[in-house]
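Just below is one structure, and these are the notes that go with it.
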Number of protein chains: 2
Amino acid sequence: MTKKKPLILVTNDDGITAPGIRTLIEVMNTIGDVVVVAPDAPQSAMGHAITINDVLYCNKVNVAEGQPQQEYSCSGTPVDCVKLAVNELLDRKPDLCVSGINHGSNSSINVIYSGTMSAAVEAGTIGVPAIGFSLLDYSLEADFEPTKKYIELMVRQCLDNGLPEGVVLNVNFPKLPADEIKGIRVCRQANAHWEEKFDKRTNPLGREYYWLTGEFINKDKGEDTDEWALEHGYVSVVPVQYDLTAHHAIKTINTWDI
Amino acid sequence: MTKKKPLILVTNDDGITAPGIRTLIEVMNTIGDVVVVAPDAPQSAMGHAITINDVLYCNKVNVAEGQPQQEYSCSGTPVDCVKLAVNELLDRKPDLCVSGINHGSNSSINVIYSGTMSAAVEAGTIGVPAIGFSLLDYSLEADFEPTKKYIELMVRQCLDNGLPEGVVLNVNFPKLPADEIKGIRVCRQANAHWEEKFDKRTNPLGREYYWLTGEFINKDKGEDTDEWALEHGYVSVVPVQYDLTAHHAIKTINTWDI
């Protein structure tokens with residue numbers, strides 16, 4: 001008896017033609033039946049945005065002739081793509097959703113801005129195990145080759161073991177050649193934040209505008225964080241939850257005079 | 001000696017002219033010095049999106065003549081507004097950031113889609129105590145009057161007591177007249193999700209498109225949840241954290257063969 005192949009939904013936030021998602025599709029084709037539903041244009045830093053005041057277009061496309069996956073290009077955000085895939089396009093619930101490979105880091109606080117991770121979180125909320133993958137290299141020419149064996153390992157382990165309820169995974173890769181990556185570390189999210197500097201300019205009509213430019217500030221010295229792991233040559237894996245309740249703080253707020 | 005008035009940053013995701021934010025400004029003017037930095041157009045369901053591939057415009061505006069607050073209208077998302085306010089517009093760090101009052105619920109899983117709450121979370125990440133307020137009434141004609149005394153109470157308590165590190169508050173109001181609101185409950189986020197139904201149509205050019213329409217599914221029967229509190233006539237207060245690490249799951253993932 002042949003074991004049925006898992007159905008794997010692939011999405012991202014850099015757009016359906018980005019090199020990162022093409023690598024992820026290539027690896028997923030060795031593991032399961034692949035359906036791609038991804039944005040038709042870059043949607044970086046879209047967080048968990050959804051499209052409620054506009055319509056969504058979604059077209060079957062043939063980005064890579066001769067390859068086995070089905071592909072759909074969608075006008076919406078990464079989270080829209082997951083909703084559309086699971087509720088409208090697929091005839092059964094996928095066994096896994098993978099998102100990425102993002103061009104750039106989604107470690108630490110970046111997880112909350114990330115379209116890549118929001119797609120994974122959305123899948124989690126509707127009961128689909130999910131992993132977001134990101135490489136610490138923003139370049140379109142980034143070398144995704146060293147990530148492949150770790151992606152395959154993580155996906156096979158996830159399919160075999162399942163994920164704890166309410167949890168998805170945030171996997172980040174250091175920008176290193178294959179032989180310098182030391183392995184995988186399961187971590188917590190480093191306690192870091194962005195300090196912004198706005199670049200103020202004047203447009204040709206004389207109107208002032210701003211570009212957002214930020215500096216990443218990590219004061220967390222813990223050796224159990226994703227930032228530590230990545231700086232020391234490891235692939236970081238953070239289990240991420242979407243129950244945002246600060247359970248420990250309920251008692252404190254209950255001492256207020258309210 | 002006169003105690004210095006607190007500096008309060010006000011934002012929202014329904015846009016600077018929405019009735020909800022006008023009510024919030026009115027209440028904040030009784031407590032502190034108020035600066036409003038809010039989107040120039042509705043930005044609902046934008047989650048934690050930020051503007052990185054486009055420019056931001058921000059103008060000083062005079063929405064309500066004769067009122068004491070300073071107001072800025074910004075072309076970006078709610079999170080952009082907070083970043084711009086704290087890093088560019090204000091000459092000192094605000095003592096508090098309040099966001100809302102949102103026209104519609106941000107209880108339970110809605111917190112992850114919410115521009116209102118993402119603005120509060122962003123303030124939290126940069127060390128500004130923050131509260132998001134939402135009323136369970138999507139109407140532009142919603143009656144915000146009953147929310148006022150609870151908003152004032154929560155804000156004064158927050159200024160007096162501070163918030164635990166890494167925590168902001170998600171406050172939702174039931175759609176009820178003042179005399180039917182039973183009080184305040186500190187809660188956890190209910191474990192609920194959205195099941196989407198896509199409304200498929202054809203545009204005048206013959207091209208198919210979709211509207212996202214969802215159904216909120218709450219299978220969480222706990223009496224300690226925000227959904228329970230709201231259904232039973234209470235104002236719900238959920239302490240929200242932006243460390244998304246599922247700490248309990250680290251041990252589980254470490255049992256994987258990775």
B:Val82: passes all of (1) in contact with a helix residue (DSSP H, G or I) (Cβ under 9 Å, 6 or more places away or on another chain); (2) over 23 Å from A:Met46 (Cα atoms); (3) β-branched (Val, Ile, Thr) but (2)
Which of (1) exposed (fewer than 15 other Cβ atoms within 10 Å of the Cβ); (2) more than 10 Å from chain A (Cβ to nearest Cβ); (3) not polar (S, T, N, Q) does B:Lys251 not meet, given it meets every other one? (2)
Run down B:Leu169, B:Leu163 and say which single residue is in a loop (DSSP other than H, G, I, E, B) and over 23 Å from A:Gly124 (Cα atoms). B:Leu163
From the list A:Asn53, A:Asn59, A:Asn87, A:Asn102, which one is free of Cβ contacts under 8 Å to residues at least 40 places away in the same chain and part of a strand (DSSP E or B)? A:Asn59
Can you pull out every residue in the stretch A:114-126 that is in a loop (DSSP other than H, G, I, E, B) and facing chain B (nearest Cβ under 8 Å)? A:Ile126
Here the residues within the stretch A:132-161 that are more than 14 Å from chain B (Cβ to nearest Cβ) and of a type in the set (Gly, Ala, Ser) are A:Ser134, A:Ser139, A:Ala142
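So that you can scan it fast, the table gives a plain yes or no per residue for (1) facing chain A (nearest Cβ under 9 Å); (2) over 26 Å from B:Ala142 (Cα atoms); (3) exposed (fewer than 13 other Cβ atoms within 10 Å of the Cβ):
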position: B:Val167; (1), (2), (3): yes, yes, no
position: B:Leu176; (1), (2), (3): no, no, no
position: B:Cys187; (1), (2), (3): yes, no, no
position: B:Asn191; (1), (2), (3): yes, yes, no
position: B:Trp194; (1), (2), (3): yes, no, no
position: B:Arg201; (1), (2), (3): yes, yes, yes
position: B:Asp224; (1), (2), (3): yes, yes, no
position: B:Ala229; (1), (2), (3): no, no, no
position: B:His232; (1), (2), (3): no, no, yes
In this structure, is A:Lys149 closer than 17 Å to A:His232 by Cα and within 22 Å of the chain's Cα centre (by Cα)? no
Run B:Ile31 past the list (1) surrounded by 17 or more Cβ atoms within 10 Å (Cβ to Cβ); (2) out of contact with any helix residue (DSSP H, G or I) (no Cβ under 8 Å at 6 or more places or on another chain); (3) in a loop (DSSP other than H, G, I, E, B) and report the number of the one that doesn't hold. (2)
Please determine, by comparing only the residues of the stretch B:62-75 that are modelled with pLDDT of 95 or more and under 22 Å from the mean Cα position of the chain (by Cα), which one is farthest from the other protein chains (Cβ to nearest Cβ). B:Gln69
Of residues in the stretch B:62-83 being of a type in the set (A, V, I, L, M, F, W, C) and in a loop (DSSP other than H, G, I, E, B), the one most open to solvent (accessible area, probe 1.4 Å): B:Val63
Residues of the stretch A:36-62 that turn out to be more than 21 Å from B:Thr116 (Cβ to Cβ), among the aliphatic types (A, V, I, L, M) and touching a helix residue (DSSP H, G or I) at 6+ places or on another chain (Cβ under 8 Å), as a count: 4
Give me the pairs, please: first residue somewhere in the stretch B:180-205 and among the aliphatic types (A, V, I, L, M), second residue anywhere and surrounded by fewer than 19 Cβ atoms within 10 Å (Cβ to Cβ) and assigned to a strand (DSSP E or B), beta-carbon distance under 7 Å, and either six or more positions apart or on two chains. B:Ala190/B:Asn218; B:Ala192/B:Phe216; B:Ala192/B:Ile217; B:Ala192/B:Asn218
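Conditions tested, residue by residue: (1) part of a strand (DSSP E or B); (2) touching a Cys at 6+ places or on another chain (Cβ under 6 Å); (3) under 30 Å from A:Ser236 (Cβ atoms).
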{"site": "B:Lys197", "(1), (2), (3)": "yes, no, no"}
{"site": "B:Pro204", "(1), (2), (3)": "no, no, no"}
{"site": "B:Tyr209", "(1), (2), (3)": "yes, no, no"}
{"site": "B:Phe216", "(1), (2), (3)": "yes, no, no"}
{"site": "B:Val238", "(1), (2), (3)": "yes, yes, yes"}
{"site": "B:Thr255", "(1), (2), (3)": "no, no, yes"}
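The values are calculated or read from the model by the stated rules, or taken from the named source; none is laboratory data. Just so it is clear, the structure is predicted and the values come from calculations on it, not from any experiment. With ideal geometry, Cβ positions are generated from the backbone for all residues, glycine too; neighbour counts draw on all protein chains shown. For the accessible areas, the whole protein counts, side chains as well, though only heavy atoms, and no ligand, DNA or RNA atoms are used. Shrake-Rupley method; radii C 1.70, N 1.55, O 1.52, S 1.80 Å.
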